[in-house]
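Working notes, beginning with the structure itself.
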Amino acid sequence: MLLSKKQIKKEEERLTTELQLMTREKNDLKDRLMILTEGAVDNRYETLQTHLEQATVQDDNHLQKDLQEELGAELHPQQY
């Protein structure tokens, strides 16, 4: 079955319009995904930052306790 030039032109226009709509939809979905993943990245960063701060505080507390124990041992040596 051969198509006339008019039919070919009409089909080309239809396909062009369909492609434009699909491209627009793809771009919209891409933008949405970017917004969602940026939020996830921000949340991950904040979570990691919080964990780092907590670990730093714990390390500081642990070091302070170790220093106090060492100073206590030096000031009050055990006699055998």
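See the values below:
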{"quantity": "Residue among Thr23, Leu2, Gln64 farthest towards the positive dipole end of the chain, charges placed on Cβ", "calculated": "Leu2"}
{"quantity": "Backbone HN-Hα couplings from phi across the range 42-55 [Karplus 6.51/-1.76/1.60, Hz, Gly and Pro as x]", "calculated": "4, 4, 4, 4, 4, 5, 5, 4, 4, 4, 5, 4, 5, 5"}
{"quantity": "Scattering profile of the range 1-40 at q = 0.18, 0.26 Å⁻¹ [log10 I(q)/I(0), Debye over alpha-carbon scatterers]", "calculated": "-0.60, -0.80"}
{"quantity": "Estimated D of the chain in µm² per second, where Rh is the Kirkwood radius over Cα pairs and Stokes-Einstein applies at 20 °C, 1.002 mPa s", "calculated": "110"}
{"quantity": "Computed [θ] at 222 nm, deg cm²/dmol, the chain (DSSP H ≥ 4; -39,500 (n - 2.57); rounded to nearest 500)", "calculated": "-34000 deg cm²/dmol"}
{"quantity": "Per-residue ³J(HN,Hα) for the range 14-30, Karplus 6.51 cos²θ - 1.76 cosθ + 1.60, θ = phi - 60°, Hz, x for Gly and Pro", "calculated": "4, 5, 5, 4, 4, 5, 4, 5, 5, 5, 4, 5, 4, 5, 4, 5, 4"}
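Since every read-out is calculated from the coordinates, none of them should be taken as a lab result. These numbers were taken from a predicted model, which means no experiment stands behind them. Here Cβ is always computed from backbone atoms with ideal geometry, including for glycine, and neighbour counts include all displayed protein chains.
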